[in-house]
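Colleague: My structure is below; once you've seen it, I'll send some questions.
Every number here is computed from the coordinates shown, using simple stated rules; none is lab data. None of these values were measured; they are calculated from a predicted model. Because the Cβ atoms are built from the backbone with ideal geometry, glycine has one as well, and the counts that use them run over all protein chains shown.
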Amino acid sequence: MSSEWGKNLKLEISGRSHEEFISAVLTGLPKGISISEEEMHEFLKRRSPGTSNAVSGRREEDKPLILGGITGGKTDGSPLKIRIKNTNAESGVYERLKTVPRPGHADYTAYIKWSGREDMRGGGKFSGRMTAPICAAGFAAIKFLEEQGIEITAHISSVGTIKDTPFNPLFISDGEKEAIKSNTIPVISEAAGEEMLSYISNVKNQGDSTGGTIECAITGLKPGIGDALFDGIESSLSSIIFAIPGVKGIEFGSGFSGSENIGSVNNDPFIIKDGAVTCASNNAGGILGGISTGLPVVFKAAFKPTPSIALEQKSVDLEAMEECTLNILGRHDPCIALRAAPVIEACAALSIMDLLLEDNNPATIEKCREKIDRIDSRILPLLAERFRVTDKIGELKAAHNLPVFNSDREKAILENISASADKSCRADIASIYMKIMQHSKARQNTAGNKKEN
Ligand SMILES: Cc1cc2nc3c(=O)[nH]c(=O)nc-3n(C[C@H](O)[C@H](O)[C@H](O)COP(=O)(O)O)c2cc1C
C-alpha cells in the first residue's frame, strides 16, 4: 500500500506496522539541502516511545536508511528515499481483532472497506508507526526551512485537563524553545510536564488512556505566503495534520475560543513597528485569508485518547454477528500526544515547504507579477526606513559640523553589498546602490539644512 500527499512536494508513505519495512519517498526537493542519516535519526528519536511507564512498550530503533536522493551529504534533486525497519512486532495478539474490532480504532472501517482482507496487525497502515517515515521526510523539509530562517517548534499544550504554558502568539522566545528541548517531555513548564506524566501513568494503571493537544508555532515566515481558498495555509496544514492517526481537531490562532468572542476583541489591530506593518495581537494565528501575515503561524492539534485500552470494552464479533466483550492485548501508548510533537513539526514543515515552493516557482505571468508585487511591498518600507535613518544622519552630521560626503563609508557600503549580492546581478545591485547613496546624500543635505535653520 502507499498513500500520497502534496502539490509541489510529493510525499509517498508505504508499508504497514508489522511488515518488514515502512518507507517514505519525497519528490520535489531542491538540490543542496544538507541531510545526514545521523541527524535524521536524532530527530526520529524524539518520536520514539522512550522507556517510561507513560508510553508503549514496543521498542523500535527507528534508524532511517537513506536509499536515494542524497549525494555528498546534500540533496541531489532526485527523490529522497528512506526506509525504516520494523524490528519489534508482536503479531499474535492481533488475531482476535481480525473479527472483533477495537472501539475507536480503524479495525471496523478497514474490515468493511476491504472485506476483512486488510493486514491490520499492529494497526496496519493506520498505525501510529506510519508517522516514523513521515517524520523522516519532514526532517528534510525542516532542514530546507531552517536554511531560509523558518523555524518550527511544537510542545504538548495539554494532557487531559492539565495545561502547559501556552505560546505567546506574537513572539516565541529562545527560553521557551530551550525548555521544550531540555525538559523530560516537550513542554514549556517542567512542573506541568511532571503532572502530565504522573496523570498518564495513573490512567494507564487503571487500564485506560487519555487525549491531549499539541501547540505548534512557525516563525520566520515572510508575509504573503499562501493563497485563497483551497491553497491557503490552513487548508494545506490541515490536509496533512489530519493524516496523523488520532488527530480529531485543529484550530488556528484563537480558534474555537475566538468563536465565543466579539469582533472588536478578536480582530488584530494593524500597527506600524520599525517602519513595517504588523498586528498588535495575533488571534488570527499568523494567517489572514489563507496567507501569512508575517507573525508566527500558531495552531493546535487535538489528539483523541488512544483507542487501545486494557479495560474490557463492548464490541461485536463481525463473523458471528453477535455482541461480545473485548480485552485488548499488546503494547499501546496511553497518550498519543506524548509522542506527537515531532510528528506535528514534520507535517508543518512539509506543508510550509510545499507552499514556499509554489511561491518560489510561479508558473504563470500573473503569479510572477503577484510575486514581484509582494517583493516590492517588502522592499519599499525598508527603503523608506533607510531614508528616515539617512535624515537622522544628516541632522547629526550638521550638529557635529561633519561633511555629508564620506568616500570611505561609501566605498565600504559598496564593497559590503558586492560581497553579499548574488554573483549574477552584482553589477546591477551596485548601480542601484549608487543611486540610493546619491539620494541619501541629497536627503542628508536637506535634513542638515533644516536642522541648522
Ligand atoms: C505516534 C502515535 C502512536 C499511536 N499509538 C497508538 C497505540 O499504541 N494504540 C492505538 O490503539 N492507537 C495508537 N495511535 C492512534 C491510532 O493509530 C488511531 O487512533 C487509529 O488509526 C484510528 O485513526 P483515527 O483515530 O485518526 O480515526 C497512535 C497514533 C500516533 C500518531
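Colleague: Given a Förster radius of 41 Å and the C-beta distance between F242 and I372 as r, what FRET efficiency does 1/(1 + (r/R0)^6) yield to the nearest 0.05? Walk me through the numbers before you get to the answer.
Modeller: Values: r = 34 Å, r/R0 = 0.84.
Once the sixth-power term is evaluated, E becomes 0.75.
Colleague: Determine the relative contact order of the chain: mean sequence separation of Cα pairs under 8 Å and six or more apart, normalised by residue count, in whole percent. Mind showing how you got there, number by number?
Modeller: Values: 838 pairs, mean separation 77.6, N = 453.
That works out to 17 percent.
Colleague: Against the longest alpha carbon principal axis of the chain, how many degrees, from 0 to 90 and to the nearest 10, is the axis of helix 341-360 turned?
Modeller: 50 degrees
Colleague: When you count, for each residue, the other Cβ atoms within 10 Å and take the mean per peptide, how do 224-231, 358-365 rank with the highest first?
Modeller: Details: 224-231: 15.9, 358-365: 12.4.
Taking the mean over residues of other Cβ atoms within 10 Å, the ranking is 224-231, 358-365.
Colleague: Report the label-to-label distance for S78 and S264 in nanometres (one decimal), using points 7 Å from each Cα along the Cα→Cβ vector.
Modeller: About 6.4 nm, to one decimal.
Colleague: Now a separate question. Put a dot 7 Å past each Cα toward the Cβ at A191 and T71; how far apart are the dots in nm?
Modeller: 5.6 nm
Colleague: Does anyone have the angle between helix 131-147 and the longest principal axis of the chain? Alpha-carbon axes, 0 to 90°, nearest 10?
Modeller: 10 degrees
Colleague: For segment 367-438, run through the chymotrypsin sites (Phe, Trp or Tyr not before Pro) and keep only the ones in DSSP coil with at most 13 other Cβ atoms within 10 Å of their Cβ. Each step should come with its number before you reach the end.
Modeller: On the way: sites: F387, F405, Y433; in loops: F405.
Listed in order of number, the matching sites are F405.
Colleague: How far apart, in nanometres, would the label points at E319 and D231 be if each is projected 7 angstrom from Cα along the Cα-to-Cβ direction?
Modeller: With each label placed 7 Å out from Cα toward Cβ, I get 5.2 nm.
Colleague: Highest mean first, how do 123-129, 145-151 rank when packing is the count of other Cβ atoms within 10 Å averaged over residues?
Modeller: 123-129, 145-151
Colleague: Further question on the same structure: As an exercise, take the mean of 1/r over every pair of distinct alpha carbons in the chain, invert it, and state the Kirkwood radius in angstroms.
Modeller: Here the Kirkwood hydrodynamic radius works out to 25.0 Å.
Colleague: For the chain, find the longest principal axis of its Cα atoms and tell me its angle to the long axis of helix 365-399, 0 to 90°, nearest 10.
Modeller: So the inclination is approximately 50 degrees.
Colleague: Let me have the relative contact order for segment 1-135, percent, based on Cα pairs under 8 Å that are six or more residues apart.
Modeller: Values: 233 pairs, mean separation 39.0, N = 135.
Over segment 1-135, the number comes to 29 percent.
Colleague: Still on this structure, I have one more. Do any of K81/K113; K74/K143; K98/K314; K81/K181; K204/K314 go past 22 Å between their Cα atoms, and which?
Modeller: Details: K81/K113 30 Å; K74/K143 11 Å; K98/K314 16 Å; K81/K181 28 Å; K204/K314 19 Å.
Pairs exceeding 22 Å: K81/K113; K81/K181.
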